[in-house]
Amino acid sequence: MGLTAPAAVDTGMRMDGGEGKKRYVSTLHVQLSPRPRTGVTTNNLTMSKNETLDSDFEKMCQMKSKPSPSSSVFSPTSENLNGSRSPLTPLGEGGAARGPVSPVQSPQTGTPARRKEAILKRRSSSGTAPPLQFSTPPAVVEVQVGAEARLTAGFSGSSPVASCWSHNKEEVKDRPGYRVESSDEHSTLLISAARPEDAGLYCILLRDRKGSAQQTLTLSITDRPHPPASCPVVSFSPQGPVLSWSGPSYDGGVAVTGYVVEVKELGPRKSAVWRELTAHCKSTSFRLHSELRRHREYCFRVRVCNVVGVSEPSEESQVFQMDAQEDQQEELPQYVDVTIDTLHKVTDHYNVLEKLGSGKFGQVLRLKHKETGHVYAGKFYKGRREKERQAARREIELMNHLHHPKLVQCLAAYDNKPEVVMVMEFIAGGELFERIVDDSYEHTESTSASYMQQVLEGVQFMHEQSIVHLDLKPENIVCVDKSGTLIKVIDFGLACTLDPSTPLTVMHGTPEFVAPEVINYEPVSLGTDMWSIGVICYILLSGESPFQGSSDAETLALVTAAQWEFDDESFEDISSQAKEFISSLLNKNIRRRMSCEEALAHPWMVSAGAGAAKVLSKNKMKKFLARQKWKKTGKAILALKRMAPKSREGSLSVSSPVEDSAEVLEALERKLHSAPQFSQTLSDLTITAGSAALLTCQITGYPDPEVQWLKGEEVLEEQQSHVTMDYEEDGSCSLRLEKVEGQDFGVYTCRAVNDQGEAVCSATLTVKNRAGR
């Protein structure tokens, strides 16, 4: 019998997880009844009481028997017809709704009606979409510690654009003190109270539907500097006593501007109050002046200054008595063949004073002989394991063969478990490179040649004993005093005696100064030291390291490849003889490197002292020393962040940021995925019959949504003569109807869908009669 309306219509939606994807399937359940109803609403579309369901079912449920493999299809299954009730998600902002309209049961048969397949239109790919690119240049942001840091990047691309910040290859996520604000045009990382560990390079990664891009911004956190790395030490020069100290382990992120020297007078009637001796010292040494009275005892301490503030004070120096101004330079001791004393302790003969330095072996402390009052340096080995004790004994034995004025001397040794102590001559002048950057010192090519000549003389004596140093670097070249130009080579902890019948391979050294054969685990020879001398000479003249990479691994790779060059700016004032001298040492082929004898006979060495007298810049040398100090004190990461050249602090790439971790890239991919949305919805349109009607909207979402147009519940197809559909690369979507007539009146709907969900928006087209008709 003919029916005019159902008794009830139920709508439901379920989620099918077939093939690992979310698929929204909505169902329309119909209960037949012979009684008419005034109207039924389904998916916000109303059927009037005068319409028959037969024709509506035919329109809503038509399906092709063979779906196109290139199209997405909403297809029902028998499981959709279980009668369960699950209402469709209501339309939200922008006309968004979840779940496409589903097929319903035919009132005649009770089985799913055959509805025309829902052919979806895909976004065109014309190549005209705007490329993903940054609209702001890479920035260097500098803030003081504790202040708010704001890193911002502007960009443009095809919406949606997902952005992700990373620091040290880890994604920066919202958490207390850190917040990310992002849109399709910019992204800002806010750090409410910046800490020193927040400093460094921040990478923002972008991705849109066409590609990816990245930009690096630098955050510099400035703070008060750390105090000097060691306590002050008083030494003697022909001009009087000199107080010297080491620079800070961390300069606070900005250059050190000077040092404050403080003094405290000791005595029974003294208040022991610290007072300022000078606030304008520009170097790491200060000549004690006549203001300090003779026969009085004093202690000293030092503070470091930068533009942010003044550091905490250093450790106090040992007590110094002004009448101890020993005019005499302590005479060099006679060379001694040292026998290790196992009966006494070092404290039986020496007073142990302040720490002068430390390393992997242990630490170096200042010693004062109890009888003579002479000052020495004590190298205290850890010595808890037998292997460490054997290494200490081997170094002591080896130094018995190194009696030369350019090599530091061992004068005594003690072995009492768990400690092995080597007593060496005390060299008060400090590291050579520290001496060079002193504001009172004139650094020239001639003085550099003189220093290299002394290094070669000491190493030549070692090589004559078939001993190779294997750890030559700037820290192991020290000045005899604060005012002269005499130097000594120190630290023979890695030195070895070569045996022609047994090739020696080692796997230790300092990355910047180690030779290629060490990295390749090939036999070393006397030429291995010559490579290191070449690196030292390169730095001495330019202030730059020829093989310094952003990491030890990169540095070692550059050394292995022997990739280096003379920087035009750094070597602009350096003679061709000096450059030829370096080139003859930094040769990957160990057999082609100069020997000590050949180096000392080189024209640059022969003319040492008569070369170019132009004063060389110390700026790069200061940066080099700062980086070395940071490495020694566990501040290597801060050093690399601080010392990165400004020209390299920002970078831009439109290629895939493969250097970032998979976790960051996965987070970016997750952010990019989004359900369809209408950034511009359809608008109602009134048109005169015979004219063309154009309905437009703008769609966003990722993956690219596919689009379907409907009139009422009828799927529109471009095969219809007067229908044209366009879906542009920028997401704009349009429906054009040519020569509209009265029958084109109705509600038109655009449906967008991807694997994240679905959105719909609708508009009413009203057709007016032609004028005069």
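FYI, it's all coordinate maths here, none of it is from the lab. This is a predicted model, so every value here is computed, not measured. So basically every Cβ, Gly included, is an ideal-geometry build from the backbone, and we count neighbours across all protein chains shown.
Using a Förster radius of 60 Å, what is the FRET efficiency between Glu312 and Leu343 based on their Cβ-Cβ separation? Nearest 0.05, please. Calculated transfer efficiency: 0.90. Loop-located GluC sites (Glu not before Pro) in the range 341-405 (DSSP state other than H, G, I, E, B) with a sparse environment of at most 10 neighbouring Cβ atoms within 10 Å: Glu371.
Spacing of the modelled spin labels on Ser358 and Lys382, each 7 Å from Cα toward Cβ, amounts to 1.2 nm. The magnitude of the dipole of the range 233-324, with charges of +1 and -1 set on the Cβ of Lys/Arg and Asp/Glu and taken from the Cα centre, is near 300 debye.
Summarising the label geometry, the points placed 7 Å from Cα in the beta-carbon direction at Gln133 and Glu371 lie 8.2 nm from one another. For the range 233-324, the residue among Trp245, Ala279, Met322 whose Cα projects farthest onto the positive side of the dipole built from Cβ charges is Met322. Listing Asp471, Asp684 from fewest to most neighbouring C-beta atoms within 10 Å gives Asp684, Asp471.
So if R0 is 56 Å, what FRET efficiency would Ala562 and Ser679 give, r being the distance between their Cβ atoms, rounded to the nearest 0.05? For R0 = 56 Å, the calculated efficiency reads 0.45. Using +1 at the Cβ of each Lys and Arg and -1 at the Cβ of each Asp and Glu in the range 494-615, identify which of Asn520, Leu600, Ile539 lies farthest towards the dipole's positive end. Value: Leu600. Relative protection proxy for 538-547, 373-382, from highest mean packing down: 538-547, 373-382 (other beta-carbon atoms within 10 angstrom). Near the amide H of Lys121, within less than 5 Å, lie the amide hydrogens of Val707, Gln708, all on another chain or at least 5 residues away, with H placed in the peptide plane.
Sorting the segments 206-213, 247-254, 761-768 by their mean number of nearby beta carbons within 10 angstrom, highest to lowest, gives 247-254, 206-213, 761-768.
FRET efficiency for the Ser691 to Thr152 pair, using the beta carbon distance and R₀ = 56 Å, is estimated at 0.70. For the range 428-617, the alpha carbon positions stretch 47, 33, 30 Å along the principal axes, listed from largest to smallest.
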